Amino acid sequence: MKKKITCFLVTAVLATCQTTPSFAYPVSYEAAAALDGSVLTSTYSWATVYTFNKNTDPGPYTFPATIEGGSYVSGFQSGQYAAPAINNIFSGIDQTQYLTTYGGGKTSIKFTSFYDYIGLFWGSMDQYNTLQLYNGTDLILSITGSDVSEKANGTQYHSPTNQYVNIFTPDLFNKIVMISTSNSFEVDNIAVGTNPVPESATMLLFGMGLIGLGALARRRNR
């Protein structure tokens, strides 16, 4: 598999780099500490977060959306699901309710608005976990656990397979679908929003493209 070196932030403070699979859209792993016991959440103040802490109203925000499929669970059940966790210490394990998609199942969340950013605390990433983004009926993005972590082997209590994943898309979406062919696809603190400022990674790629076009133009003029 083709790979690239991706720089990211841990809790938006310490900069580090890791080897991750090559991916078309800007992906980052910065996260803020969640104050409700769910460990990690989005750092972006302009995003709104699903906490899944209430059975009838996911989170304390007014968030127009329709959720179909999936189960609200907490803790773990052997062979079925496990709470997202960055380590095996109490403070590193999600102590709140979260969303699980069981093997062979599908969960969809349809919004009443369109967005270009999604963040989620993705627990025990597996290669058979698939996240899809739709604009209406058009699929604009489909990624698996292997696309965001080279160690997507379902390991629990391990940060490389339990991360807060941020994805910025050039195309707007209004629906997300989570699919898992085996137990399970666990997520918490799903955040969506419209990025008010161009993402630095996107601007970097744009700048590199302009440099490349300039170099090409200079060659043609020689």
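From the list T181, T155, T137, exactly one residue is modelled with pLDDT under 95, more than 18 Å from G119 (Cα to Cα) and open to solvent by 40 Å² or more (accessible area, probe 1.4 Å). Which is it? I'd like the intermediate steps shown before the answer.
Numbers: T181 fails: modelled with pLDDT under 95; T137 fails: modelled with pLDDT under 95.
One residue alone meets the criteria, T155.
Taking the conditions exactly as written (open to solvent by 10 Å² or more (accessible area, probe 1.4 Å), at pLDDT below 95 and either out of contact with any Leu (no Cβ under 7 Å at 6 or more places or on another chain) or in a helix (DSSP H, G or I) (or both)), does L205 satisfy them or not?
Values: open to solvent by 10 Å² or more (accessible area, probe 1.4 Å): yes; at pLDDT below 95: yes; either out of contact with any Leu (no Cβ under 7 Å at 6 or more places or on another chain) or in a helix (DSSP H, G or I) (or both): yes.
So L205 passes the test.
What are the residue pairs meeting all of these: first residue in segment 67-88, first residue at negative phi, second residue exposed (fewer than 14 other Cβ atoms within 10 Å of the Cβ) and modelled with pLDDT under 90, Cβ atoms under 7 Å, and 6 or more apart or on different chains?
Y72/N55
Restricting to segment 85-102, count the residues that are in contact with a helix residue (DSSP H, G or I) (Cβ under 8 Å, 6 or more places away or on another chain) and surrounded by 15 or more Cβ atoms within 10 Å (Cβ to Cβ).
Result for segment 85-102: 2.
Identify the single condition in (1) of a type in the set (S, T, N, Q); (2) open to solvent by less than 70 Å² (accessible area, probe 1.4 Å); (3) at pLDDT 95 or above that S149 does not satisfy, given that it satisfies every other one.
S149 satisfies all of (1) of a type in the set (S, T, N, Q); (2) open to solvent by less than 70 Å² (accessible area, probe 1.4 Å); (3) at pLDDT 95 or above except (3).
In this structure, is L213 at pLDDT 95 or above and surrounded by fewer than 17 Cβ atoms within 10 Å (Cβ to Cβ)? First the steps, then the outcome.
On the way: at pLDDT 95 or above: no; surrounded by fewer than 17 Cβ atoms within 10 Å (Cβ to Cβ): yes.
In short, no.
V39 versus (1) open to solvent by 50 Å² or more (accessible area, probe 1.4 Å); (2) at positive phi; (3) at pLDDT 95 or above: which is the lone unmet condition?
Condition (1) is where V39 drops out.
Considering only residues that are more than 17 Å from I190 (Cα to Cα) and crowded, with 16+ Cβ neighbours inside 10 Å, which ones fall in segment 104-121? Walk me through it before giving the result.
Applying the first criterion (more than 17 Å from I190 (Cα to Cα)) to segment 104-121 yields 104-105.
Of everything in segment 104-121, just one residue is more than 17 Å from I190 (Cα to Cα) and crowded, with 16+ Cβ neighbours inside 10 Å, namely G105.
The values are calculated or read from the model by the stated rules, or taken from the named source; none is laboratory data. Since the structure is predicted, the reported quantities are computational estimates derived from the model, not experimental observations. Positions of Cβ are backbone-derived with ideal geometry, glycine not excepted, and every protein chain shown enters the neighbour counts. Quick note on the areas: whole protein, heavy atoms, side chains included, nothing else; ligands and nucleic acids left out. Shrake-Rupley method; radii C 1.70, N 1.55, O 1.52, S 1.80 Å.
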